[in-house]
């Protein structure tokens with residue numbers, strides 16, 4: 001029997017068994033397999049197999065033997081270069097990072113789609129497809145949200161590698177132009193196009209499905225104290241950062257101007273007592 005002291009509890013104070021289970025689930029790997037045997041001194045020995053590695057642990061009962069085995073294999077995983085990076089990325093929102101990256105560089109918004117779903121008592125499995133333009137990757141896990149994150153992470157890896165390679169092949173003059181364009185894209189003074197209402201309708205209608213669903217959750221909710229809070233949450237769900245200014249008026253009720261700061265020139269004008277309800281009604285129409 002050996003005594004192993006662990007100075008750092010893995011994965012934000014989670015128990016090793018839970019940490020290992022979650023890592024395998026999120027990364028689409030086979031879930032850990034535990035096998036038990038009785039030792040010579042009457043204690044329990046547990047062997048765990050995960051990520052093509054094996055480790056053992058022992059203790060006075062099965063629970064402690066399992067926990068010790070999980071801690072031992074978790075330590076091995078953290079020391080393996082090809083696995084440690086995956087562990088570090090576990091708590092990142094890869095889909096959100098992918099959306100932000102696409103927005104920054106003017107790429108199409110990522111689209112995720114359920115491809116396959118197998119439900120069984122032993123091993124449910126979900127396969128999610130994520131695409132940005134012609135780049136398509138798949139994620140597989142026992143939980144749909146992990147499969148989606150995994151697929152998004154793969155797409156992000158592909159397009160960032162392609163962007164890096166393209167940048168390295170640029171001439172010095174091209175790099176200067178690229179950086180100038182990138183910095184201009186980050187400023188607020190963007191040239192916006194005036195377009196017909198029908199085209200603006202299609203712009204919001206074709207928003208990323210996840211953003212639209214988040215927006216409709218806000219619209220359907222009755223938890224907000226007032227229409228202003230609801231309207232602001234709605235625009236936040238759509239990743240819009242509106243500018244709100246007061247316009248000179250003879251009315252006692254302040255006249256507000258809301259600039260949605262999207263790709264098109266989209267301004268909403270109205271009295272403060274009415275404008276937030278108008279914004280909610282506007283998106284009820286424009287998102288469908």
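The values are calculated or read from the model by the stated rules, or taken from the named source; none is laboratory data. Owing to the predicted nature of the structure, the values given are computational and were not obtained by experimental measurement. Note that each Cβ is placed from the backbone with ideal geometry, even for glycine, and that neighbours are counted across all protein chains shown.
Test residue 257 against the criterion of being assigned by TED's automatic domain parsing to the domain that holds residue 205 and closer than 20 Å to residue 205 by Cα, and give yes or no.
So residue 257 does not fit the description; no.
Show me the helices (runs of 4 or more DSSP H) entirely contained within region 2-112 in which 1 or more residues are at pLDDT below 75.
10-13, 16-26, 81-88
May I ask you to verify whether residue 287 is within 15 Å of residue 215 (Cα to Cα), touching a helix residue (DSSP H, G or I) at 6+ places or on another chain (Cβ under 8 Å) and in contact (Cβ under 8 Å) with a residue 12 or more places away in the chain?
Answer is yes for this residue.
Please determine, by comparing only the residues of region 126-149 that are in a helix (DSSP H, G or I) and under 18 Å from residue 109 (Cα atoms), which one is farthest from the chain's Cα centre (by Cα).
Per the stated criteria, the residue is 148.
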